[in-house]
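Colleague: Quick one: structure below, then a few questions.
Nothing in this text is a laboratory measurement; each read-out follows from the coordinates by a stated rule. All of these numbers come straight from a predicted model, not from anything done at the bench. With ideal geometry, Cβ positions are generated from the backbone for all residues, glycine too; neighbour counts draw on all protein chains shown.
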Amino acid sequence: MRTPTFAYERLVTGMFSVFLKEPRMRLGVVSGRAGNWLAETPNGWGISRYRTRQDAAMALLNQARIEKRVSDRMQNRAKNHSEEGCR
């Protein structure tokens, strides 16, 4: 498995939007300074503080993966439930 590559776009001093480069996807925002970075999801949830921007970006990617899995499971359950009701 390849190591993910992130792109950072400066919003203001000490605050960056974080994107996964391939496929291009916005993961959230990291803010802070060297040694103390806060990761925040696109919906505003603070995840935690990290020593590096890279660690904070990886936490945002992990959170996005978790949210996608939960969303997929909920959609599958709704689909299965509606199919059972049609029988």
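Colleague: May I ask you to derive the relative contact order of the range 6-85, considering only C-alpha pairs under 8 Å and at least 6 residues apart, and to give it as an integer percent?
Modeller: On the way: 117 pairs, mean separation 14.2, N = 80.
Relative contact order of the range 6-85: 18 percent.
Colleague: Can you sort T5, T13, T41 from fewest to most other Cβ atoms within 10 Å of each residue's own Cβ? Walk me through the numbers on the way to the answer.
Modeller: Details: T5 10, T13 7, T41 16.
If I rank by nearby Cβ atoms, fewest first, I get T13, T5, T41.
Colleague: Here is a further query. Does the range 6-85 come out rounded, prolate or oblate, given a ≥ b ≥ c as the square roots of the eigenvalues of its C-alpha gyration tensor, rounded meaning a/c under 1.5 and, failing that, prolate meaning a/b above b/c?
Modeller: Details: a/c = 3.32, a/b = 2.65, b/c = 1.25.
Prolate shape, in that a/c is at least 1.5 and a/b is the bigger ratio.
Colleague: Another one. On a 0 to 90 degree scale, rounded to 10, what angle separates helix 53-85 from the longest Cα axis of the chain?
Modeller: It works out to around 10 degrees.
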